[in-house]
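The values are calculated or read from the model by the stated rules, or taken from the named source; none is laboratory data. Computed from a predicted model, the values in this text were never measured in an experiment. Because the Cβ atoms are built from the backbone with ideal geometry, glycine has one as well, and the counts that use them run over all protein chains shown. With ligands, DNA and RNA removed, areas are computed over all heavy atoms of the protein, side chains included. Shrake-Rupley method; radii C 1.70, N 1.55, O 1.52, S 1.80 Å.
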Amino acid sequence: MKNKIREVSVLFIVAIVSAFLLSFVYKNTKPVIEEYASKTLNENLLKAFPDSQVHFETVKNDTLWKVYKGEAIVGIVFRNGRRGYSSLIRPIVGVDSAGRVVKILIPKEGLAETPGLGMKVTEGWFQEQFSGLTLGEIWLRGDNENGKIDGITAATISSRAATAAVREGLEKFKCYLQGGVIEGEWYVDDLIQLSGVEDVEELIEDRLWKAKDRFVYLSYGEGFISQVGVLVSIWKDTVLAIHIQCPEEGMEETPGYGTMVASIEFESRFDNVYIGDIDEVDALSGATMTCEAVKKAIKSGYEELMGGSE
Amino acid sequence: MLQLSPAPHITSPKNIKKIMYGVVGALIPVLMGSIYFFGWRALFLCSLSVLSAIFTEWIFQRVTNRDIRCLDGSAIITGILVAFNIPVNSPWWLPVVGSFFAVFIVKQLFGGLGYNIFNPALAGRAFLVASWPSLMTGNWTPPINGTLSGIPVLDGMTQATPLSLLIMKPNLNVIQSLNSPTMIKTLFIGNTGGCIGETSALLLLIGALFLFIMGYADWRISLSYIGSIFVITGIFYFLGVTPVNPVFHIFSGGVMLGGLFMATDMVTSPVTLKGRWIFGICGGILCVILRLWAGYPEGVSYSILIMNMFVPLLDRLQVRIFGR
Amino acid sequence: MKQTFLDGIIKNNMVLVLAIGLCPALAVTTSAYNGIGMGMAVIFVLVFSNLLISLLRNIIPKNLRIPIFIVIISTFVTIVDYTMQAYVPPLSRQLGVFVPLIVVNCGILGRAEGYSYKHPPHYSVMDGLGIGLGFTIILFLMGTIREILGQGVWLSIPGVFPGFQVFGEAFTNSSVILMILPPGGFLAIALLMGLFNHIRMHK
Amino acid sequence: MQLLTFKGGVHPKYRKELAKDSPIKKIEPPEFIYLPLTQHTGIPSKPIIEKKDEVEVGMKIAESNGKLSVPLHSSVAGVYMGLVNWPHPLGGRKEAMKIKLDPQRTFEWKEEERDVDLFSEDQIIEIVKEAGIVGMGGAAFPTYFKMKVPPDKKIKDLIINGAECEPYLTADHRLILERAEDIFKGVEILKRVLNPERVWIAIEDNKMDAIDRIKEFSSSYPWANITIHETKYPQGSEKQLIQSITGKEVPEGGLPFDVGAYVQNVGTVIAIYEAVCYSKPLYERVVTVTGPVRDPSNFLVPIGTPFEYLIEASGGVFGGTMQIINGGPMMGIAQVYPEVPVIKGTTGILVQNEKETLEREVSPCIRCASCVDVCPMYLMPTEIYKFIELEDFEKAKELGVLSCMECGGCGYVCPSYIPLPQHFKYAKAELMKEKK
């Protein structure tokens, strides 16, 4: 018994000492790390919207920024992701007030496309093609008559994904250029994005909407700490797309773990999934509870809302 | 003085040199065909590749003090097959590097002739595809004797093989032309875009027939490989999974070259009959999966390389020992 | 002491002889700079964890030694991680998850268990230095091979120095991409291991 | 006409035409005869005469020395010169009884014919043992021992092996042509002892004249079924012959009577007949001398005659002797000394001149699997060979190396000229050592 106490106390002391040491290091490095992060972000934003007189205001963390020149909004910068060949391609796109792409930037970091093929989306010549294009023109030449983008030879998937990420992001966020912000609940701007059209018919207040060719519903699931909201667009039995409430929109899951589910990459895992197969979607490691909450929200919302309306 | 040698005191007329040079001979008509379709550059690249293979082997055997057997024919086969697996307008150094990798890394470092796990030429091709993907998969020239065989030219995609059109989600017109009898005929003759040695199904079949008759290659592997591709794509065609018919599938791309000359490589295929059937069928299934659902248009080389890995396992499928 | 140090570099080389710690060796060695960075991080963790474990070797109870080792090692790893994030962020981004993963690098736990738990502090520090240096050298060599063949440059530091052009512009434009892909890591490690064994056997 | 056959096997060049048409000639004995004490599988015989003793033809000079042993008889009349250490055709030097010929005393075996019906089965077996008869197809297994079938095993198929599958050799072929009736008489004796349900006489289709000759007697001996076999090596191997005829496989490590079969070579059958009916011991046998000799022939040779004497008798070699082989080209053993004597199991002597001797440069195995395809025992020689090279004999055993009968088929087809049978012999020897 005495031995046991000794053993445990040694472990305890070691742990205490290491905790003190770590908190000291953390305290000293945190400001440096944060400063660097904001510096890089600012640099990237400036690359996407090169104008020395502007400043950026974050609308959604890591996703949307408004660009101010003095008091006036002169454009937006957004970041939108689309799955490429083997990773999520997330271009940072600067848009001027006319809805024209100023510049795009696809950072190498976190990108795992095939070197020499898909990785070429990070090359200047590819990104420069986007400058000055409007919504209808952001297509690969082969895919659309108005397309003005030359794909990368032998890397169609990656170039198509990069192009689509820019186009879809532009479509999604262009409302911020007119009138500024859409007022209302957290899901309102995403509702427009998910319904595909601007005028939707509200079937059940704040819960269920009908668009031209799909339904959109809002549902909540019990997460690790809080309720997690999920906006789901669905047609027949197939989930078309989902949007998960992100921390900026009021989700209160464990930062760095639970909140990770509110990523475009995770959301894209639910694209075109049959409702019965929702459980098969891979969870994020470290955020099992929150992922379960999302899945539960999708399923329970479906049963509750769609069951009655059809 | 009497000589002492172990029994048996007579041997069959087959020997390594005959087998190897037999295979080289079987590849000659294909080479001549590709010179006809693609011009003299095909021969140029092929010679470079062969020289590089032989030279690499010679150097290695010289440096490591082994018997010099760089002219036993196996290096020549590897050289030719590496060249057959690259597009004709590749830079000159591509086949040289490919053959070097095939012979040095894949063959000699594993112990030389008979000890390599992977087919050297295919591994060489895989190396080239991974290292210079745009040169290897986006660099097609139409044969000099015609346009790309009557395929409607897509904007921005003038340079494509019939097979690589498939992965670009083509429209109905293209699919119709891919399914047409003219297309099949062109693919059979070989007057189409593709790697140097893979386009002409006819000439490849002639060469392979010679090998089968001489017993230098096993027809079971070829039959099971190509046959399973045909059957599976046939089923998928009727189910609507793949838009093109099975005949197109087996004549396009490298199925013929791979199934007739690469999968049948003695060193890297199983020794038992049962093993060979399984090898061929699984290889065919893999090839279809890779073709239809993987990133590259072609799946032949990887399907065979993957099956190569299973050969030691398949060799354990021993036929029942007599009386056991 | 000197022998301990040299053994750590050659006779007990972590990658080539003991074949442990291969995961970071394969994953981060796409450039020589990355290799050095990873190596330095490992040296730091190894030396300090060895030292501490050796100092505490008479206090640490046998039954609980593994958890205590892990706590000590992970403390130093986290220190390295924060420090790198703060002062060499590009390198930290490049090495990514492999810095935190030093915790489970079996090389470090292996030395703690196999050496410093049984030897006095000065020997343990020397062992940590030697093993760490041996690891760094191999990572540097692998990084060199892969970077030169795969990218045509040598010792490039992201954002600071573009690297030496080794074979000229033409080669850089059509370098052997395979070498900076995962198979290239395996190839490089296999070639180095083969060469090393060849030299050892024929000495 | 349906040809019977087995799975696997090879088709070498047979070259039987060399000696096929040469009738069996009785040869004059040489001056010295060497009779090794080990002429059969089993324990060596024990000499029972003293040095300088006079010996007669057919006189017992050494006796059976244990269960698996047979007596030895002098093949000439002369004087016993004592034991010498003499080359043995199966390799090495072994003890042999040296006999000097007395040319004055010529001799022809002239015992009265005896009625077989007088003897009981046990007596017949005893006669066979005393006559020193061993399997004459090459294996040299004591025949009396083989005839003592365990009482719980019933012989259903008695197979007379006339499928002389070794290339070049024609001794059995000539025996069938010249002494067909004796064969039938010998089989009748065997039939009495073994009491089989069926009797088969198996001959390959490259010996059609022999088949015709046997068929001439089919009316007098209606119990005999003649089976015609595909000319394929090793058709004459015991297990393959049983498989060809009955479709049954002798179990691994088992004996033919495990599947109710009994195989006996035609030469042995004649020896049994002579021993039982004429009380003639086994002191001479038919040997084919062939290859690039001027006059390839089939000799009736006193056992103990040196090889070189027989090669001389067939006219000598042209092209320079490079290799003298005891037996045929597939399984025969190359000899170091030309003076080795003929023993009871010597089926033939094959000579090879410089042109025919193989210059084999061994290449690495390319896994062509020819050996796997031809192995009549369904082994994987290429795999077994790999393990033997690594000295992993246990693994080789697992893969069935002990089933290998060293027929040489794999070595014949190997395009890399790897002496596979040699490796298997080595592995089997090593495994035997371990067992001990």
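Restricted to helices (runs of 4 or more DSSP H) entirely inside segment B:208-324, those with at least 2 residues that are within 14 Å of another protein chain (Cβ to nearest Cβ) are B:219-239, B:273-293, B:300-314.
The rows are residues; the columns are (1) touching a residue at least 60 places away in the same chain (Cβ under 8 Å); (2) closer than 30 Å to C:Leu187 by Cβ.
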position: C:Ser31; (1), (2): yes, yes
position: C:Ile43; (1), (2): yes, yes
position: C:Ile53; (1), (2): yes, no
position: C:Asn58; (1), (2): no, no
position: C:Thr78; (1), (2): no, no
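Of the residues making up segment C:32-50, those that are open to solvent by 10 Å² or more (accessible area, probe 1.4 Å) and more than 10 Å from the chain's Cα centre (by Cα) number 4. Assigned to a strand (DSSP E or B) and of a type in the set (S, T, N, Q): is that true of D:Asn85 in this structure? Here the answer is yes, as D:Asn85 does meet what is asked.
Looking only at segment D:407-436, count how many residues are in contact with a helix residue (DSSP H, G or I) (Cβ under 6 Å, 6 or more places away or on another chain), more than 13 Å from every other protein chain (Cβ to nearest Cβ) and not charged (D, E, K, R). Number of matching residues: 2.
Each row is one residue, and each column tells you yes or no for (1) in the same structural domain as A:Ile149 (by TED's automatic domain parsing); (2) assigned to a loop (DSSP other than H, G, I, E, B).
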residue	(1), (2)
A:Ile16	no, no
A:Leu21	no, no
A:Ile33	no, no
A:Tyr36	no, no
A:Lys66	yes, no
A:Ile76	yes, no
A:Tyr85	yes, yes
A:Val95	yes, no
A:Pro107	yes, yes
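Restricting the search to helices (runs of 4 or more DSSP H) fully inside segment D:373-436 and requiring at least 3 residues that are surrounded by fewer than 18 Cβ atoms within 10 Å (Cβ to Cβ) and under 28 Å from the mean Cα position of the chain (by Cα) gives D:420-435. Exactly one residue among A:Ser87, A:Ser38 is free of Cβ contacts under 8 Å to residues at least 40 places away in the same chain, under 28 Å from A:Val121 (Cα atoms) and exposed (fewer than 13 other Cβ atoms within 10 Å of the Cβ), and that residue is A:Ser38. Quick one: which strands (runs of 3 or more DSSP E) sit completely within segment D:1-82 and have at least 3 residues that are surrounded by 17 or more Cβ atoms within 10 Å (Cβ to Cβ)? By residue number, D:32-36, D:60-63. Considering only segment B:117-160, how many residues are out of contact with any Asp or Glu (no Cβ under 8 Å at 6 or more places or on another chain), of a type outside the set (A, V, I, L, M, F, W, C) and modelled with pLDDT under 70? Residues in segment B:117-160 being out of contact with any Asp or Glu (no Cβ under 8 Å at 6 or more places or on another chain), of a type outside the set (A, V, I, L, M, F, W, C) and modelled with pLDDT under 70: 14 in total. Scanning segment C:85-111 for residues being of a type outside the set (S, T, N, Q) and open to solvent by 20 Å² or more (accessible area, probe 1.4 Å) gives a total of 15.
Residues that are open to solvent by 30 Å² or more (accessible area, probe 1.4 Å), part of a loop (DSSP other than H, G, I, E, B) and away from every other protein chain (no Cβ under 11 Å) were ranked within segment B:87-116; the one that is modelled with the highest pLDDT is B:Trp92.
Here's the yes/no breakdown for (1) part of a loop (DSSP other than H, G, I, E, B); (2) of a type in the set (Val, Ile, Thr); (3) buried (at least 20 other Cβ atoms within 10 Å of the Cβ); (4) away from chain B (no Cβ under 14 Å):
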| site | (1), (2), (3), (4) |
| --- | --- |
| A:Gly136 | no, no, no, yes |
| A:Ile152 | yes, yes, yes, no |
| A:Ala162 | no, no, yes, yes |
| A:Asp213 | yes, no, no, yes |
| A:Tyr220 | no, no, no, yes |
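Checked against (1) over 30 Å from D:Arg198 (Cβ atoms); (2) open to solvent by less than 20 Å² (accessible area, probe 1.4 Å); (3) of a type in the set (Ser, Thr, Tyr), D:Tyr273 passes all but condition (1). Does any residue of segment D:337-355 turn out to be farther than 30 Å from D:Pro29 by Cα and either part of a helix (DSSP H, G or I) or in contact (Cβ under 8 Å) with a residue 24 or more places away in the chain (or both)? Scanning segment D:337-355 turns up at least one residue that is farther than 30 Å from D:Pro29 by Cα and either part of a helix (DSSP H, G or I) or in contact (Cβ under 8 Å) with a residue 24 or more places away in the chain (or both). Residues in segment C:34-75 that are within 9 Å of chain A (Cβ to nearest Cβ), closer than 18 Å to A:Tyr26 by Cα and of a type outside the set (Ser, Thr, Tyr): C:Val71, C:Ile72. Scanning segment D:232-254 for residues that are open to solvent by 30 Å² or more (accessible area, probe 1.4 Å), in contact with a helix residue (DSSP H, G or I) (Cβ under 9 Å, 6 or more places away or on another chain) and not in a helix (DSSP H, G or I) returns D:Lys248, D:Glu249, D:Pro251, D:Glu252, D:Gly253.
Rundown of residues vs (1) open to solvent by less than 40 Å² (accessible area, probe 1.4 Å); (2) away from chain C (no Cβ under 14 Å); (3) not small (Gly, Ala, Ser), yes/no style:
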| residue | (1), (2), (3) |
| --- | --- |
| A:Asn28 | no, no, yes |
| A:Glu43 | no, no, yes |
| A:Thr63 | yes, yes, yes |
| A:Lys66 | yes, yes, yes |
| A:Ile73 | no, yes, yes |
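When we screen D:Ser297, D:Ser370, D:Ser363 for residues that are among the polar types (S, T, N, Q), in contact with a Cys (Cβ under 8 Å, 6 or more places away or on another chain) and more than 30 Å from D:Gln123 (Cβ to Cβ), the only hit is D:Ser370. Among the residues of segment C:151-190, those identified as at positive phi and either assigned to a helix (DSSP H, G or I) or more than 21 Å from the chain's Cα centre (by Cα) (or both) are C:Gly152, C:Gly159, C:Gly163, C:Gly168.
Have a look at D:Lys146, D:Lys154, D:Lys185 and point out the one that is assigned to a helix (DSSP H, G or I), over 16 Å from D:Glu238 (Cα atoms) and basic (Lys, Arg). One residue alone meets the criteria, D:Lys185.
Checking the stated criteria, A:Leu203 turns out to be surrounded by fewer than 21 Cβ atoms within 10 Å (Cβ to Cβ), at pLDDT below 85 and away from every other protein chain (no Cβ under 14 Å). Restricted to segment A:116-131, and to residues there that are assigned to a loop (DSSP other than H, G, I, E, B) and open to solvent by less than 30 Å² (accessible area, probe 1.4 Å), the residue that is farthest from the other protein chains (Cβ to nearest Cβ) is A:Phe130.
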